[in-house]
Structures are given as structure tokens and as C-alpha cells.
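The values are calculated or read from the model by the stated rules, or taken from the named source; none is laboratory data. Everything numeric here is computed off the predicted structure, so don't read it as measured data. Positions of Cβ are backbone-derived with ideal geometry, glycine not excepted, and every protein chain shown enters the neighbour counts. Each accessible area value is taken on the protein alone, full model and side chains, heavy atoms only, with ligands, DNA and RNA left out. Shrake-Rupley method; radii C 1.70, N 1.55, O 1.52, S 1.80 Å.
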Amino acid sequence: MTGPGAERQTVFEKVLIANRGEIALRIHRACREMGIKTVAVHSTADADAMHVRLADESVCIGPPAARDSYLNVPAIVSAAAVTGADAIHPGVGFLSENAAFAEIVEAHGIAFIGPAPAHIEAMGDKITAKRTMRELGVPCVPGSDGPVSTLDQAKAEAARIGYPILIKATAGGGGRGMKVAEAPENLEEAFLMARRESAAAFGNDAVYMERYLDQPRHIEVQVAGDSHGNAVHFGERDCSVQRRHQKVVEEAPSPALNATEREAIGKVAVDAVTGMGYRSLGTFEFLYENGEFFFIEMNTRLQVEHPITEAITGIDLVRLQLQIAAGAPLGLRQADVSFSGHAIECRITAEDPVTFQPRPGRVTDYHAPGGLGVRVDSALYSGYAVPPHYDSLIAKLIVHGSNRNECLLRLRRALDEFVIDGLPTTIPLHQRLMAAPAFINGDYSIRWLEQDFLAG
Ligand code: MV4
């Protein structure tokens, strides 16, 4: 499962960053600190982007629409070939979990900074992912052990699993193609709707069934495995504060777990990484309810919320990801990973803070907060025009404190200092969230933001 040249070198000379915005900047920073040259690729809408300015070289790969630029595989691979990049970092979103892209990159003798294509593909198919995990001893949500293709089969499975039932797309993720059946009389409609939505969204109408968990928390475990059989975990993140499957706030550690649960879930994830021979950073997503963990999905990429894990462990995860992709051993054992304090990330988007309508525009004035324990990952600057073509995330505010309360006090202070003028942002939403009793008490589920906080 090692990439080309894995044994030959310990670090890359030049990395092409196949992404944009704050994450492209984050990857550039890791490369620069490692003495690695960077190539920025960008659409015509991103010619003035911060990562383009900072990179050693840049290549325009197409017009604004992502499908013509950041998803344009021939343009990206050509840019790598022309600039002599020896590796491509896909960032998050876009091509980061596209197994065919990883394969094409490697076929061109360029290292893909991520896992083996076979692992991306296996985890991209949610039934294969669950089956793999179940065989490795990872607890999964009770459900069908494979696709459910007929209504009769769905009825039989539902009777066995018990209601309420959730029907999910095999090709899914992000909540599309998901339908709940509360009782037997709702099953037919839910089954047919889930299949129809899955076919429309993914070109694949295969679905599977699970027991529906009503008020779980979304808790994910950050792991890393190398090409020498070593694996560690970096603890968990609680990402339950979501709206329409978009994370809004994340924190580490989860306020819901005790030390025993934390250790247990970390061990489960590490054993699965070792069992799979998985190489790279990865994240195991679990639903947690009534003291029980259930695996739902594995992400085979760097995640947007990785900085909170960096804050509590002091480890540069992007540097580690680059080293692993170059074939280096992890260089740390589980006992070397120590956890300190508490971290919270607020995702700030260029959206109306009440309606969540995207509001791109020009930043007329910008001032980022600072001070002890405050990190801002953002590609914004005064005068920058946020383009309308992409995700509305414009800044991540990551605050670390020696305990959760100190972290909260510091986060409120940092939010009050943050100035982004010229366009509406979700900073006021975060200010209200950080004053909400349920958040302060750590007492929230995946339903809380939409059903209580925003509804009430
Ligand atoms: C679930 C669930 C309840 N029960 N599975 C949402 C997208 C996909 N990643 C999995 N998702 C869910 N799976 C069972 N058996 C509830 C969700 C879910 C959710 C999960 C994590 C974070 C936010 C969520 C919001 C709505 C639904």
C-alpha cells in the first residue's frame, strides 16, 4: 500500500495543492515549514487568492465552476507534470475522496497525499465500510448486513432490526438519500423515496437499513497509520452542532465522554487502522447515544476541523500526513500522544447569520483576533472579494484553553475582537451560541442546533 517512491525519500521536494481557501493556505504553511516548494492551482475566480500569492508557483486550471477547475483532473495532473511536483495534496472536499483521481495521480508517478486508492474506494461505499469495520470488531449501528433491493426484503429486515428505521444510500454521506420510517406503514414510501433520491444524487440507487438513533451525538476519532504497520489515535472531536449536515462548531475532547469511553473508542479505531493496513490520516465517525458507540462512516481525508485536535495534542497533522505519504514511519507511539486542555472551533461563513443565505462580497476591513490560545485559519485579507462559486467558509476560529471553561471565556473574547466588514458573517451566530446554556453545559445532540437553538 505504499505510494511510488515511498521508500526512496523521506520528504517531497514540491507539492501541488489541489484546493483553495483556508485549507490550501493551511497545507502551504506545513509545506513551507518543511522546506517543500508549493504549487498553487486556481480557477480564474481565485487569481487573487492568498494561497496563490504565497505559493512558490501557481497555475490557472480553468474557469470558476469547480467542475471545470478544482475537479478538472486532466488540468490538475498536467499542472503537476509541467511544474515537476512530486506529490499532490487534495485538501478537503473536491477530489480528496475520489479514488479514481488518487489512482491517476499515482499512475503518473506522482504521490497522492492520502490513503491507498483501494481504501478510499472501500470507505466511499458505506456498506463496504460498515462490513469492513464490523469484521474488525468495530461496533456498528444494528442494520441490514448489505444492500436491501426489494420492498419485501426491506419489510423483513425492518421487522428484524426494529422501528424506527433509517434507510441510507450506499453511495451516500452528507445526509442525501436518507429517509426515516417511524413505523411499518411508513416503510414503503421511505424505501422508495430513499432509492429515488439516491439514484438522482449519486447515480446509484443501492440503499441499506439501520436502526434510527433519535438524539445521538456525532463523535469522531482522528487516527493516523503509516506504511510500516504503525497506528495511533489523536482522541475524539464532538461535531454534534450541525445545520443541514454542515458542521458549525466542533470541540475536543467531547464533553460527553469519560476517560474510560475515550480510551475504548480510541483503541477500537486504532485496531481497525492496523487491521486494514490503512495508511494516512483518517477519521472514524460514530454516533454516540446512551453510553454506546456506533460506527457510521470513515473519512479518508484531512478534515476541516483538524485544528482542534492539533490544539489539544500539539501535533501538526498536515506535516504528519505529508511524512506518511512520503513513506516515513509515524515516529510516535500511542503513549507519545498526550492530551492537554480543551479546544473549540467556530466555522465562520459568508452567510446571513439568521437565514444562512450565502452572501459573497468584498471584505472592506479585516482584523483577526490573537493572543494566547487563539488561532485563525483564514485566507481572507482586507480588499479580498469572496467569490460566489464555492463553499461559504471564510474563516475558522480555533481557541484552546487549559479547560473547557477557560476555552469558552477565551472564545467569547476572540469572537468580540474579530472584524470582518463588507459582508455578513456568522460571527453573531457564534456569539449567541457561546452564550447558550445547552452549549455551555455541553448538553447537546445532533438535533440541538436546528430543533432547539434555531427553532426556539
Ligand atoms: C444516522 C442518524 C441516526 N441514526 N444513522 C447523517 C449523514 C450521515 N453522515 C449519517 N447521518 C446520520 N446517520 C442512524 N442509524 C442520524 C444522522 C444524522 C446526523 C449525523 C451526524 C451529524 C449530524 C446529523 C444530522 C442529521 C442526521
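Cα centroid separation, the stretch 91-107 to the stretch 381-456: 31 Å. Find the centroid of the Cα atoms in the stretch 134-199 and in the stretch 290-330, then give the distance between the two in whole Å. That distance is 29 Å. Place +1 on the Cβ of every Lys and Arg and -1 on the Cβ of every Asp and Glu in the stretch 217-454, take the dipole about the Cα centre, and give the residue among Ser338, Trp448, Leu302 whose Cα lies farthest towards its positive end. Selected residue: Leu302.
Per-residue surface analysis assigns His367 an accessible area of about 100 Å², computed on protein heavy atoms at 1.4 Å probe radius. Based on the Stokes-Einstein relation at 37 °C and a viscosity of 0.692 mPa s, and on the Kirkwood radius from alpha carbon pairs, the stretch 94-237 is assigned a translational diffusion coefficient of 195 µm²/s.
Could you grab the relative contact order for the stretch 72-207? Cα pairs under 8 Å, six or more apart, rounded to a whole percent.
Relative contact order here is 16 percent.
Using a 10 angstrom Cβ neighbour count of at most 11 plus a DSSP loop assignment to flag exposed trypsin sites (Lys or Arg not before Pro), which longest range of the chain is free of such sites? Answer from the scan: 9-243. Under the convention that each Lys and Arg Cβ holds +1 and each Asp and Glu Cβ holds -1, the size of the dipole of the chain around its Cα centre is about 420 debye. Counting heavy atoms of the protein chains alone, Phe418 has an accessible area of about 10 Å² for a 1.4 Å probe. Annotation: lysines with alpha-carbon distance below 27 angstrom to Lys267 (same-chain offsets under eight excluded): Lys126, Lys130, Lys247. A straight Cα-to-Cα reach below 30 Å connects Lys14 with the lysines Lys37, Lys396, residues fewer than 8 places away in its own chain not being considered.
Just to make sure I understand: if all protein chains stay in place, what is the order of Leu281, Leu393 by accessible area at 1.4 Å, largest first?
Final ranking, largest accessible area leading: Leu393, Leu281.
Considering only Val399, His42, Gly203, the residue lying farthest towards the positive end of the dipole of the chain is His42, judged by Cα position with unit charges set on Cβ. Rounded to the nearest 20, the Cβ-based charge dipole of the stretch 1-153 about its Cα centre (Lys and Arg +1, Asp and Glu -1) stands at 280 debye.
Heavy-atom accessible area with a 1.4 Å probe sorts Val354, Val148, largest first, into Val354, Val148. Distance from the alpha carbon centroid of the stretch 46-70 to that of the stretch 230-268 works out to 33 angstrom.
Looking only at the stretch 398-439, which residues have a backbone nitrogen under 20 Å from a spot 7 Å from the Cα of Thr364 in the C-beta direction? Hits in the stretch 398-439 for Thr364 at 20 Å: 417-428.
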